[in-house]
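Read the structure below first, then the notes.
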Amino acid sequence: MATRVLIADDEQDIKDIIQMYLESQGYEIETAYDGLDAVDRVQSWNPDVVLLDIMMPLMDGISVCRKIKSDPATKDIAVIMISAASKREKEGEAYQAGADAYVLKPFEPADLVKKIEQSLTTKK
Amino acid sequence: MLIRHRLGSTQENTAALLAQFGALLQAGPDVDALCASAVQMVQHVMKAQGCSIMMLDHCEGLLRIKASTSIPSSQWASVLVRLGEGIAGRVALTGEPLHVKNVARRKNLPLSPFRERYAGPSFISAPLLANSGTLGVINIDGKTRGKCFSRRDGVLFLGLANFLSAALIKNHEIQSRIAGYNHFGCILHSVPMGVMTFDKALRLTHCNRAAAEFACIDPEASIGRPAHQLFPECMRARVMDLILQLRDSGISSCMELDLFLNGQERPLPMGVSAFGLDESKGLSAGIIVMFEDLSLRRENMELRHASDSKSHFLSLISHELRTPLTAVMTSLHVLRKTAPNMDPNTKRILAIGDRNARRLAGLVEDILEVQRLETQDTNLKLESLDLNSLVRDAAENRRAAWEEKEIQLLVVSDQNENYVVQADRDRLYQVIRNLLDNAFKFCRINGNVTVRLARLNNRVELRISNCGPMIPMRYREHIFEKFFQVQSVMTRQFSGSGLGLYLARQLLRLHGGDVVLEQSSENETIFLVTLPADPAIEGNSATFSTAQPTYSPD
C-alpha cells in the first residue's frame, strides 16, 4: 500500500508541484488549504506523513503539529514542517511542538523525499 | 614681619614665640614666600649665621634649595642633594634630626662642599615631615659670636620645624584644592551640556558657556541675578515651573522643550532638568539646572528607526521571495526528472532556469545572513564537520555553474588526513558556496579552478585558486567590505551582490577562522581560508577521513 502524504500549504502552486512530484514517486496524496482544514483531513484520512507549512491562515503549522502530536489517535503520524522563515527562527519551536523534521524553503524535491523516508523509518 | 621677641629664659616665652611663628606662617598661600619669610624668622630667632630650606622632589629623589639666608640665590640651582647622601639627604631619608655642636670634634661627617663654604662650626638639620612622608629639610648653621647650638636650641628648632611642616601641609592642601577647582571649572566650562547653579534664593551663582548660550545671557554679568530674569521668553515660564516645583515641593524633574531660538526655522529640542546641589542638605546648598541639546539624540533615534525599517523590509522581502522560489525550483526539478528525453536545446534552457533559480536562492540567503550578522542574531550550531566532504558537496551543487564555462574543477586532498572542524553546517556551506561562485565567476572560460585542502597542526587550510583577472594589491582588504567590487567595469561584466566575500569573512571569523587574498597575479588568484581544527579529533585519524582520492569531476 502506498504511503499516504497530506500536504498542507496555502500556496496553491507549491502544493500542486509537490503533489505532482510525490505522486510521480509513488506516494498517495491529499491536500489541505489551511491549518483547520489540515486538522480535519488528518482525522478523516489518517495519513502516514503530514507536510505542514508554518505560515498558514486560520491555524499556523506549529499549532497544527502540536494538535496532531497531543492526540493519541494521531500522535504516530510523522510531521515534517516546511518553512520560509529562517531555519534558526522557527526550527526550535517546531521541534518543541513535536515535529519529526524541518525543511527550509526553497528545497530540493529529492531532499524532501529523503526526509519523508527518514521520518517513516524512525517511526517503525 | 620679624619677630621681636628675644629668646626668653622661661618656657612661656618660648611657647608664645612658637605660637606667633605659627600664625605668621599661616598667612600666605605662596610656598616660595612662605619659605623665604620662614628662613628669615628662624635665623633671627635661633641667632644663626644662616638658615636654608631644601624641598624634596619625590619623582627624582633630589633635595633642592627653596630658600636660604646664607647661600646666594644664584647658587641654588646648582645645589642638588640626593636622598640619603650628605647631611640633608640623610636627614630627609631617615626623618631623624641631626644636631652637631662642633664640626671639628666629629669625624666621618659626610659634609658637602657647600657646607664647608657656607656653614659655621655648629649646625642642626631637621626634617620637615607630613603624614605622607618627608617634605624637605631645614638647616641652621653656626651661631653668632662663634657659640655652639645648645640642647635647648635644638628643642626650640625642632618646634619651629614642626610649625613650618604644618604650614607647608596646609599650604599644599590649599594649592591642590585650588588647582582641582580650576581644573574642574575648566571642564565644566567646556562641556556641551548647559549647567547653571542657583543659591536657595534662586540667584545665579554659576553658569557655564553652554548654559549661557542656551539662555542667551552674558555669564559674567548675570551672576547674582534672580532666575526669573535670566531666560528668554520662549522658555522662561516652563523652566521657572521646573525650578519652583523643585523649591516648593522638593521634586526633581526634567522635561523636553522645542525652542525657536533667534528666528531659526527648525526648533531646537532641549532637555531641561533641575535638582538639589546636595541631596543631604535639602535645597539649602542650592539648585542645579542642566540643559541638554537633544537634536543629535533625536536624529540618532530617527536614523536608527530608518535603519530598523530597512532591515525589517529586507528581511520581509527575503522571506516573501522564498515561497515563489520554492515553486520555481521544484517545478524545474520535477520537469527534469519527469521528462528525461528532452532535446538538447530544451535541456539547456532548463539548465539556465535551474542555475539562475539557485543563484537567486543563494542571494536571498546572503541578504538574510547579512541581516542576522547586523542584528547579531547569529547563533552558531556547532558540530564536527568534514570540510573535505562539504567542499565536494558544494562543488557538486554548483555543477551547472562550472560546467557552463567549461571550467576544469579539481579538489585536492590527502585521503589519509582528516579535515574535521567545529562549525555550523549551513553557514560553512554558505561560505564555501560563495568562495566557489566567486572563483567560477572570475575564472576565464575553459580555465582551471583548484581547491586544495591542507591540515597544519591545529588548523585546516583551504586554498581556492582560479585563473582570472588580477586583483590589484591596493584592493586586498577592500574586497572583503560590504558591497565592494573592484571596478565598476567589472561590476557590469561580473554581476554580483558584493556580499559574498564580506559574508565569507564575517562568518569565518565567527568560527575563529578567516579568509584572506593570499596571492593574485595575471595567471592565478588564490583565496586562503583557515579554520581551527576540531580539537576533539586527532590529525591523521583514518576513522574520520571521508576523503576520496583526488577528485576531478568529469
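Numbers below:
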quantity	calculated
5 Å-binned pair-distance histogram of the stretch A:30-69 (Cα, whole percent)	6, 28, 41, 21, 3
Test item: Cα-centred dipole of chain A, Lys/Arg +1 and Asp/Glu -1 on Cβ, debye	560
Rh (Kirkwood; distinct C-alpha pairs) - chain A, Å	14.0
Probe 1.4 Å, accessible area per residue of chain B, Å²	54
Radius 12 Å from Cβ of residue B:227, net charge of other residues (Lys, Arg +1; Asp, Glu -1)	+3
Mean ellipticity per residue at 222 nm, deg cm²/dmol - from DSSP H runs of n ≥ 4 across chain B, formula -39500 (n - 2.57)	-14500 deg cm²/dmol
Total formal charge among the other residues, if their Cβ is under 14 angstrom from that of residue B:217, Lys/Arg +1 and Asp/Glu -1	0
Convex hull (Cα only) mean projected area of the stretch B:268-402, reported in nm² to one decimal	16.5
Trypsin sites (Lys or Arg not before Pro) within the stretch A:9-95, DSSP loop, no more than 16 other Cβ atoms inside 10 Å	A:75
Base-10 log of normalised Debye intensity for the protein assembly as shown (one unit scatterer per alpha-carbon) at q = 0.09, 0.11 Å⁻¹	-0.90, -1.08
MRE, 222 nm, helices only [DSSP H, n ≥ 4, -39500 (n - 2.57), over chain A, to nearest 500]	-14500 deg cm²/dmol
Ratio of the Cα radius of gyration of the stretch B:357-471 to 2.2 N^0.38 Å, where N counts its residues	1.12
Cross-link table A:105/B:441; A:15/A:75; A:115/B:441; A:67/A:105; B:347/B:441; B:147/B:170, entries beyond 28 Å C-alpha to C-alpha	A:115/B:441; B:147/B:170
Counting DSSP beta bridges with both ends in the protein assembly as shown, the antiparallel % (nearest 5)	75
Cα-based Rg / Dmax (Å) for the stretch B:146-253	24.7, 83
Scaled radius of gyration (Cα, divided by 2.2 N^0.38 Å) that chain B gives	1.76
Simple Cβ-charge dipole of the stretch B:361-456, Lys/Arg +1 and Asp/Glu -1, about Cα centre, in debye nearest 20	280
Size of charge dipole - the protein assembly as shown - debye, nearest 20, with Cβ of Lys, Arg +1 and Asp, Glu -1, no other charges	4760
Proximal aspartates and glutamates relative to residue B:337, as straight alpha-carbon distance under 17 Å, when same-chain residues fewer than 8 apart are discounted	A:16, A:23, A:108, A:111, B:354
Occluded residues from the stretch B:322-359, i.e. those whose accessible area drops by 10 Å² or more once the chain is not alone (1.4 Å probe)	B:322, B:323, B:326, B:327, B:329, B:330, B:331, B:333, B:334, B:337, B:338, B:358
Alpha-carbon centroids, the stretch A:15-82 and the stretch B:17-88: separation in whole Å	99
Under the span-like rule (Cα at least 27 Å along the axis, Kyte-Doolittle mean at least -1.0), DSSP H helices of chain A	none
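The values are calculated or read from the model by the stated rules, or taken from the named source; none is laboratory data. Note that the coordinates shown come from a computational prediction; the quantities given were computed from them, not determined experimentally. Counting neighbours? That spans all protein chains shown, and the Cβs are built from the backbone with ideal geometry, glycine included. Side chains included, ligands, DNA and RNA excluded: accessible areas come from the protein's heavy atoms. Shrake-Rupley method; radii C 1.70, N 1.55, O 1.52, S 1.80 Å.
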